[in-house]
Structure formats: C-alpha cells, structure tokens
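Step one of this worksheet: look at the structure below.
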Amino acid sequence: SAVISQKPSRDICQRGTSLTIQCQVDSQVTMMFWYRQQPGQSLTLIATANQGSEATYESGFVIDKFPISRPNLTFSTLTVSNMSPEDSSIYLCSVEFWDTQYFGPGTRLTVL
Amino acid sequence: AQSVTQPDIHITVSEGASLELRCNYSYGATPYLFWYVQSPGQGLQLLLKYFSGDTLVQGIKGFEAEFKRSQSSFNLRKPSVHWSDAAEYFCAVAPNFGNEKLTFGTGTRLTIIP
C-alpha cells in the first residue's frame with residue numbers, strides 16, 4: 001500500500017474564491033484520482049491524473065472548474081475554482097497500487 | 001457500465017452481535033470487488049478485496065466477504081462487532097482489466113449499541 005497525505009485537512013472559504021488541495025504519496029505511482037464526497041453521499045470520481053499527461057475528467061466535471069496538476073509521480077493538486085456553497089464537500093485523492101486504490105484522509109471544504 | 005447497490009442505508013447492531021452488510025453489483029463479467037470503511041471525519045480504508053480464486057476473502061479487523069456469482073453479490077460479514085466498528089461502509093466495483101473506474105455504492109451506515 002502507500003501512505004497518502006492531503007493538505008489542508010479542512011478549510012472554510014468564501015464564495016467566489018479558489019482553493020488548491022495537495023496530495024502527496026510516499027511512493028511513485030502512475031495513476032492518481034480525485035473524488036468528491038458531498039454531505040451524506042457516496043464518492044464520485046472527478047478526474048484521473050496521470051503524470052505527464054492531461055487529466056481525464058468524468059462527465060459533469062470540467063477543467064475550468066477543477067484544474068488538476070500532476071508534476072511528478074508522488075504529487076498532485078486539485079483546485080476548486082470560483083467556489084459556491086454547492087462545492088462544500090470532502091475531496092479525496094487516491095492512488096492505485098496493484099489494481100487497488102488507496103485513499104488519502106480527505107479535505108473537508110465548507111464554502112460560505 | 002458497472003453499478004453497485006447497497007440496499008441498506010442504515011443498520012443498527014448490538015455490540016457482540018454478528019453483522020452482514022449487503023452489496024449487489026452489475027457488470028458483464030466478474031469484476032474486481034472491494035469493501036472500504038470510512039470512520040467519522042476520516043478517509044477511506046480498504047477492508048478487503050476480491051479479484052479471483054477463493055470466493056471467501058478475509059480482510060482486516062476480523063471482516064470477511066463472500067463473492068457469489070449466481071447472486072451478483074459480495075456481502076460483508078463479521079461474527080462479532082465492536083463499538084469501534086461504527087462507521088460508513090462502502091462497496092465498490094471496478095472492471096477486471098484494471099482499476100481505472102472504481103464505482104461506489106451509496107454506503108451503509110453502521111451504528112453499534114451497547
């Protein structure tokens with residue numbers, strides 16, 4: 001498995017602003033994923049981030065709203081842009097090892 | 001596309017009692033199957049997984065799950081629950097050619113009563 005950390009663990013933001021979430025893993029991995037978990041809901045995949053290529057977004061998610069960077073094999077960022085209260089969620093990154101995804105602790109975002 | 005159904009939104013069990021959480025999937029072949037647990041305020045922790053072979057898989061924390069192809073099910077069980085098992089449990093499925101699209105069920109919240 002892998003040790004995955006996320007920063008920040010939580011934040012409260014004003015509408016119209018942006019927040020960048022960092023995901024760091026202690027091993028080199030090819031595939032990293034970003035998920036959103038809205039209050040009381042299950043997880044929804046936002047995008048898949050492979051190092052050296054553009055992120056692949058799922059239906060309903062666009063790069064302008066959720067730009068992703070993947071500068072190397074151990075790090076990725078997700079930015080939530082022009083936030084609204086509907087963006088209040090837990091955002092989780094995950095990595096794949098041997099066909100299994102392991103998750104970070106999540107970032108709890110509240111937008112006022 | 002694959003899908004996952006967890007029919008029980010909320011289950012309450014007495015401490016020391018047995019537990020079974022239901023999971024049904026839809027996929028054209030045998031998928032990869034997972035159970036994750038999310039404690040309050042935490043990320044997801046992998047409990048166990050099934051790829052192939054023995055249909056009864058053992059996981060961490062005393063959990064096990066049984067894959068039943070005929071019923072398209074992958075139910076999670078524990079013979080005796082502890083108060084620390086109170087959490088949200090998610091069943092997930094992925095295509096059997098790789099793990100790029102992990103689809104989650106809606107989750108089952110487990111409450112433990114003394």
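The values are calculated or read from the model by the stated rules, or taken from the named source; none is laboratory data. Everything numeric in this text was worked out from a predicted model, so none of it was measured. Reconstructed Cβ throughout: ideal geometry from the backbone, glycine too, with neighbour counts over all protein chains shown.
Descriptive notes on the structure:
- Count - residues of the range B:44-69 that are more than 14 Å from chain A (Cβ to nearest Cβ) and polar (S, T, N, Q): 2
- Selection status of A:Gln6, modelled with pLDDT of 95 or more and in a strand (DSSP E or B): yes
- The range A:71-99 - residue that is surrounded by fewer than 20 Cβ atoms within 10 Å (Cβ to Cβ) and in contact (Cβ under 8 Å) with a residue 60 or more places away in the chain and, of those, nearest to A:Ser1 (Cα to Cα): A:Phe97
- Residues in the range B:26-43 that are part of a loop (DSSP other than H, G, I, E, B) and of a type outside the set (Ser, Thr, Tyr) were compared, and the one that is farthest from the other protein chains (Cβ to nearest Cβ) is B:Gly28.
- The single residue among A:Ile68, A:Ile63 that is modelled with pLDDT of 95 or more, more than 23 Å from B:Leu33 (Cα to Cα), of a type in the set (A, V, I, L, M, F, W, C) and buried (at least 18 other Cβ atoms within 10 Å of the Cβ) turns out to be A:Ile68.
- Residues that are within 25 Å of A:Ser94 (Cα to Cα), surrounded by 11 or more Cβ atoms within 10 Å (Cβ to Cβ) and more than 11 Å from every other protein chain (Cβ to nearest Cβ) within the range B:74-88 comprise B:Phe74, B:Asn75, B:Leu76, B:Asp85, B:Ala86, B:Ala87, listed in sequence order.
- Within the range B:12-36, tally of residues that are surrounded by 14 or more Cβ atoms within 10 Å (Cβ to Cβ), more than 13 Å from B:Arg77 (Cα to Cα) and of a type in the set (A, V, I, L, M): 1
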